[in-house]
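The block underneath contains the structure these notes are about, expressed in structure tokens.
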Amino acid sequence: MVDLNNPEALSAMDSTGYFAALAELGTQCRNAYMLGRETRVPAVADLSTVVVTGLGGSAIGGDLLRVYCQERLRVPVTVNRDYTLPAFVGKKTLVFAVSYSGNTEETLSAYQQAREKGATIVALTSGGKLAALAAADGVPVIRVPAGLAPRAATGYLFIPMLAVLEGLGMLDGIEAEVEELARELAHYATTYGLGSPVAQNPAKQLALNFKGRLPIIWGASGTTEVVAQRWKGQINENAKAPAYWNAFPELNHNEIVGFEEPAELIRQLWVVILRDKGDHVRVGYRMEITRRVIEGKVAGVTEVTSTGEGMLARLYSLIYLGDWASVYLAMLYGIDPGPVKVIDYLKGELAKR
Ligand code: PA5
């Protein structure tokens, strides 16, 4: 098993430069904000909804936008992970078509539908067919740098949408929040980074706890639910391992009952509870009580509380820990975190039909 205290050995297993991309996420967020502000998007008359259409690493930014905007935007944000768009999409909808590669078939199909429905569209991509189509259609394109794994480009695939909404006068204070976020990430890059030894590195410690076990990640509706979802996806795609997520208070009404049998399997679960100062006060009580219910049955429980002031910094303080932990878990399994051969295989097979 690789030694997590040996940075050279870890780097040797990372063929795509995932560690470097993680370490630079703060800078990526700053650059992403500028890209969004530079893009001219026409105001939508009588705007009724914002829809983000994308898949996988290109969709999670939509969930971040939805959660961030829940208490800040006067219109709802919906995330669409499909070939088709909901019936409500029309001339009063702003659609962000997001695909890092620009070649994801579901997103290209939804983009065409958005055109047919007369929605105002912004394409967010590093190139591919989406960039070409949007350019030909006169649709604004936010072009982000290529060469990263989509899920390592989360700053590029989220922050520009905030900047566009700010440019349209629908949000404010984003620049200051991004600045705080970039500072926090720079700080945590040292704490979680390759050079920080296991004894002082919560991301490496988490990876060791996850190894050989099934991670269960719990967040709270309206705040850390999106972080829980992100952790799950990152463990799946980076460590190539299963993980599951859910959110309070809903999980108190079903999932929590399922901790009786099979006892041997339950003993292999490692539960993470994600907390944030924006959680409903009664959700905080639920977390404490729920922890007592499962302790002794599962392998272990880790509670993590977000840090920072603004919501962006707080959400990313948790996302970042999960990102690093998932890459260290990959290392513990002897896996290269960047390539996702199964996704490539599926896309390749579908392209033949
Ligand atoms: O992280 C990944 O590689 C995937 O989840 C992709 O983001 C997903 O397959 C969609 O591809 P794209 O982001 O290029 O649209």
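The values are calculated or read from the model by the stated rules, or taken from the named source; none is laboratory data. Please read all numbers here as calculations on a predicted model, not as lab measurements. All Cβ positions, even for glycine, are placed from backbone atoms using ideal geometry, and neighbour counts span all protein chains on display. Accessible surface is based on the protein model in full, side chains and every heavy atom, while ligands, DNA and RNA are left aside. Shrake-Rupley method; radii C 1.70, N 1.55, O 1.52, S 1.80 Å.
A few comments on the model shown:
- Listed conditions (1) away from the ligand (no atom under 16 Å from the Cβ); (2) more than 20 Å from THR125 (Cβ to Cβ); (3) open to solvent by 50 Å² or more (accessible area, probe 1.4 Å) are all met by PRO86, apart from (3).
- The requirement of being closer than 24 Å to PRO337 by Cα and among the charged types (D, E, K, R) is fulfilled nowhere in the stretch 244-267; no residue meets it.
Residue-wise test of (1) within 17 Å of LEU185 (Cβ to Cβ); (2) more than 16 Å from the ligand (Cβ to nearest atom); (3) open to solvent by 30 Å² or more (accessible area, probe 1.4 Å); (4) not small (Gly, Ala, Ser).
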{"site": "VAL304", "(1), (2), (3), (4)": "yes, yes, no, yes"}
{"site": "GLY308", "(1), (2), (3), (4)": "yes, yes, no, no"}
{"site": "LEU318", "(1), (2), (3), (4)": "yes, yes, no, yes"}
{"site": "VAL327", "(1), (2), (3), (4)": "yes, no, no, yes"}
{"site": "GLY338", "(1), (2), (3), (4)": "no, no, no, no"}
{"site": "LYS341", "(1), (2), (3), (4)": "no, no, yes, yes"}
{"site": "ASP344", "(1), (2), (3), (4)": "no, no, yes, yes"}
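- Filtered residues of the stretch 89-113 (kept if within 16 Å of the ligand (Cβ to nearest atom), open to solvent by less than 10 Å² (accessible area, probe 1.4 Å) and among the aliphatic types (A, V, I, L, M)): VAL95, ALA97, VAL98, ALA110
- Annotation: of all residues in the stretch 121-133 being more than 14 Å from the ligand (Cβ to nearest atom) and open to solvent by less than 30 Å² (accessible area, probe 1.4 Å), the one that is farthest from PRO339 (Cα to Cα) is ILE121.
- So VAL77, is it within 16 Å of the ligand (Cβ to nearest atom) and not basic (Lys, Arg): no
- Filter result for GLY118 (open to solvent by less than 10 Å² (accessible area, probe 1.4 Å) and touching a Lys or Arg at 6+ places or on another chain (Cβ under 8 Å)): no
- TYR188 within 13 Å of LEU25 (Cα to Cα), in contact with a helix residue (DSSP H, G or I) (Cβ under 7 Å, 6 or more places away or on another chain) and more than 16 Å from the ligand (Cβ to nearest atom): yes
- Considering residues of the stretch 236-286 that are within 30 Å of ARG72 (Cα to Cα) and in contact (Cβ under 8 Å) with a residue 60 or more places away in the chain only, the residue surrounded by the most Cβ atoms within 10 Å (Cβ to Cβ): VAL272
- LEU194 fulfils the conditions (1) in a loop (DSSP other than H, G, I, E, B); (2) within 19 Å of the chain's Cα centre (by Cα); (3) of a type outside the set (Val, Ile, Thr) except for a single criterion, (2).
- Evaluated against (1) assigned to a helix (DSSP H, G or I); (2) open to solvent by less than 10 Å² (accessible area, probe 1.4 Å); (3) closer than 30 Å to SER15 by Cα, LEU65 falls short on exactly one condition, (3).
- ALA32 being within 16 Å of the ligand (Cβ to nearest atom), over 20 Å from ALA163 (Cα atoms), of a type in the set (A, V, I, L, M) and not in a loop (DSSP other than H, G, I, E, B): no
- Tabulated pairs, the stretch 36-48, first in the same structural domain as VAL75 (by TED's automatic domain parsing) and assigned to a loop (DSSP other than H, G, I, E, B), second at pLDDT 90 or above and open to solvent by 70 Å² or more (accessible area, probe 1.4 Å), C-beta under 7 angstrom, 6+ apart or interchain: VAL44/LYS92; ASP46/LYS92; LEU47/LYS92; SER48/LYS92
- For the stretch 140-173, the set of residues classified as open to solvent by 20 Å² or more (accessible area, probe 1.4 Å) and among the β-branched types (Val, Ile, Thr) consists of VAL141 only.
- The single condition among (1) farther than 25 Å from LEU133 by Cβ; (2) assigned to a loop (DSSP other than H, G, I, E, B); (3) of a type in the set (S, T, N, Q) that THR27 does not meet is (2).
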